[in-house]
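All remarks here apply to the structure that follows.
The values are calculated or read from the model by the stated rules, or taken from the named source; none is laboratory data. Keep in mind that what you see is a predicted model, and the values were worked out from it rather than measured. Neighbour counts are summed over all protein chains in view; Cβ atoms, including those assigned to glycine, are modelled from backbone coordinates with ideal geometry. Heads up: the accessible areas ignore ligands, DNA and RNA and are worked out on the full protein's heavy atoms, side chains in. Shrake-Rupley method; radii C 1.70, N 1.55, O 1.52, S 1.80 Å.
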Amino acid sequence: MRNAGLNVLYLSGINNNVMKVSVYLFLFVFTGLNLHAEDGHDLWLRNKSSGHVNVECSGNSPTLSIAIQELQQGWQGADNAKVVLIVKKDKSIKYDGFKISRDGIQANTDLGILYGVYELLRHQQTGESVEVMISNPSYEVRVLNHWDNPDGTIERGYAGHSIFWRKGDSSLVVTESDKLLWQQYARANASVGINGSVLNNVNASPLMLTKEYLEKVKAIAEVLRPYGIKTYLSVKFSSPSLTGGLKTSDPLDPEVIKWWKNKVKEIYSIIPDFGGFLVKASSEGQPGPQDYGRSHADGANMLADALKPFGGIVMWRAFVYSPNDKDRARQAYIEFVPLDGQFHDNVIIQVKNGPVDFQPREPFSPLFGAMKKTSVMAELQITQEYLGQSVHLVFLATMWEECLQSDTYQEGTGSTVARCTDGSIYPQKHTAIAGVANTGLDTNWCGHHFAQANWYAFGRLAWNNGLTSEKIADEWIKLTFSPVTPQQKETAGSSSDWAEHFLIPVKQMMLQSREAAINYMMPLGFHHLFAANEHYGPGPWWAPKRVRQDWTPPYYHRADTTGVGFDRTRSGSDAVSQYHEPLGSQFNDPQTCPEEYLLWFHHLPWDYKMKSGRTLWDEICYHYDTGLQQVRGFQKTWDKVEPFVDPERFTHVQSKLRSQCINAQVWKDACLLYFQQFSRKPIPYDIERPVYDLDEMIKTDMRRL
Ligand code: GCV
């Protein structure tokens, strides 16, 4: 159901340009309901050609054929123009980069040509002038991590089941519709420069390495290959003993080494361009080298050596923590920094952006820049596990930009996370970046139309880690929502009308959306306040006895009547000392610690004076309320742009925003009422009162167990 009071609402929005609005209203009433419906399946690739293009290409390959076809299908330049595609070595072009000149596109590889074509079309379709340019990717490997299980479920997936795997008798059958979907998936990835897919969950099933599953991987790889997407697999470290019939999976055991070598050989015999392995080992109960008294380096190097002759890599995750240390946030650094220099050159250590776990806001992981003789890559989470899943509209590019542009100071000012991982500072043999995918079988792929923007943003940042979120949002909105049919164009009016009434407000909403989520979920450095294991709703009280303490919110917020926050200062857990100066000292002192990280690093009294002059308690209250008000603002923004959006996508997003608003209210009420028990202070009287009852909320969450 669309907004029943639309006409009234829309009219009430008129201030100065009555005529223009009347025209919109007229068009909306008489044509708006017939706006071409869109289900979102075409993603940001909806634009069709508006004229003819003559393509000249000397080479011949499946990838070049796609490049030619894309140009013909999406061309929006001068009618009958000529474009020359040339594969020719040029030292200024790196990896699969490309050069766009007046005549056409040049690259070292066929894939570079395809990327150049997508760039050219993107410029045309977003109205950006096409200039002579060289574009090189920031990272060699730009990979999606799918947490997909062999039975088709997806860990932390919110957009339906896996596009690769399913359960039942037909689980390993490959149909024509499977292939079509994989091809559409590959095309979307290639269009933003993604060049790898890890096809299964890091909590890996050993099944994946069996002959039957490898045959399916082969079928997937064949569809992905022309688009330049390499396939990778997550592997279970104990596979030799689980499926190989060996007594051990000790990485130094000769039989184990031989088993992996043979397995790798078998994989390359059927998938010659296989990319390599992703490994979660000795982490959250997964088996690993430490089960045999060996180090992460022993484990990673053994696999790397097996892959080396074939050019494969190992992405070894640093997501490790045990309940025994006093602070989960310190542990990856403690385990990995002493191993710096011991990893073989085809191992890349994959580090989550923050030291805990993809929270709405974390400082960057101190591992970035600290491992100077090891390739290190960032792992970002595209799927919104901790950010409202596929219900909340949260544009994540701002979060990733914040992380990538954070200065680690490891090699002086300007040693940003981006530069510490892309080879500009350290001589890494391989450079890479990973994003945990948010795709599934939902028609719109991501569960929420705006979640597509996060997939898009990951690809764009992986290609160019210096892009701003503003630029990415701008491109995505234009590609995803610009009017394409004559009817839509008529409704939208001139491009400046469309920009004023659609592009600008929607972009603003996207750019504010992550800060809004932080405000209503976990402002001022709060983290992990989630109820139960679902990681959706609030549960600052949630601490069942049977659950490990470091999986419960009180471990992180430490609220009591004296104050709130995790003391990670030098007199606390000392996590601050893992940051290079001047950051260590800056974080250590509440006066110099950025307020957005205050409760991450400090336990402070409720009446601690904030920069605004308010007490900490009042500031917390205002942040929660601001977050809720921001979501209400997003609802207004969206309702107002209705004339410019097809009804299908409009109503979908409208309804998601309603749910987001309800959830933001729950977050605000739950956190304020819960923490108020400790602060013993009133919620400032100019703030709207909570509407939910704390006991009820606690009961509901307990029932969800
Ligand atoms: C794949 C968090 C998530 C888990 C995930 C894990 C990881 O703990 O909640 O679902 O497991 O991170 O990244 O390995």
Residue 53's amide H: which non-local residues (gap 5+, or another chain) put their own amide H closer than 5 Å, with H modeled 1.01 Å from N in plane and none for Pro or chain starts?
-> 80
Place the peptides 583-596, 289-302, 688-701 in order of packing, highest mean first, counting for every residue the other Cβ atoms within 10 Å and averaging per peptide.
-> 289-302, 583-596, 688-701
Honestly segment 435-558 on the Cα gyration tensor test (a ≥ b ≥ c root eigenvalues; a/c under 1.5 rounded, otherwise a/b vs b/c for prolate or oblate) is just prolate
Looking at 415, 483, 117, which one has the Cα that reaches farthest to the positive end of the dipole of the chain (charges on Cβ: Lys, Arg +1; Asp, Glu -1)?
-> 117
Using a cut-off of 21 Å between alpha-carbon atoms, which lysines can reach residue 94, once sequence neighbours fewer than 8 places away in the same chain are excluded?
-> 230, 429
Tell me, what is the Rg over Rh of the chain, with Rh the Kirkwood radius over Cα pairs?
-> 0.97
Using alpha carbon coordinates only, what is the Rg to Rh ratio of segment 533-578, with Rh defined as the Kirkwood radius?
-> 1.04
Summing -39500 (n - 2.57) over every DSSP H run of at least 4 residues in the chain and dividing by its residue count gives a helix-only mean residue ellipticity at 222 nm, to the nearest 500 deg cm²/dmol, of -12000 deg cm²/dmol
Cα Rg, Dmax (largest Cα-Cα span) when computed across segment 276-396, Å = 15.1, 45
For the chain, what is the percent of antiparallel DSSP beta bridges, rounded to the nearest 5?
-> 20
Quick one: pull the percent of accessible area on the chain belonging to carbon and sulfur, 1.4 Å probe, ligands and nucleic acids left out.
-> 52
Segments 385-391, 176-182 sorted - mean Cβ within 10 Å per residue, highest first | 385-391, 176-182
Name the lysines eligible as straight-distance cross-link partners of residue 636: C-alpha to C-alpha under 30 Å, and not fewer than 8 places from it in the same chain.
-> 20, 471, 478, 489, 507, 656, 668
What ranking of 162, 58 comes out by heavy-atom accessible area, probe 1.4 Å, highest first?
-> 58, 162
Where segment 274-376 is the region considered: accessible area per residue in Å², 1.4 Å probe | 27
Take the alpha carbon gyration tensor of segment 364-423, find the square roots of its eigenvalues, order them as a ≥ b ≥ c, and report rounded if a/c is under 1.5; if not, report prolate when a/b exceeds b/c, else oblate.
-> prolate
Within the chain, which complete DSSP H helices have Cα atoms spanning at least 15 Å along the helix axis and a mean Kyte-Doolittle hydropathy of -0.5 or higher?
-> 18-30, 62-74, 110-126, 211-224, 296-307, 452-463, 469-481, 504-521, 647-679
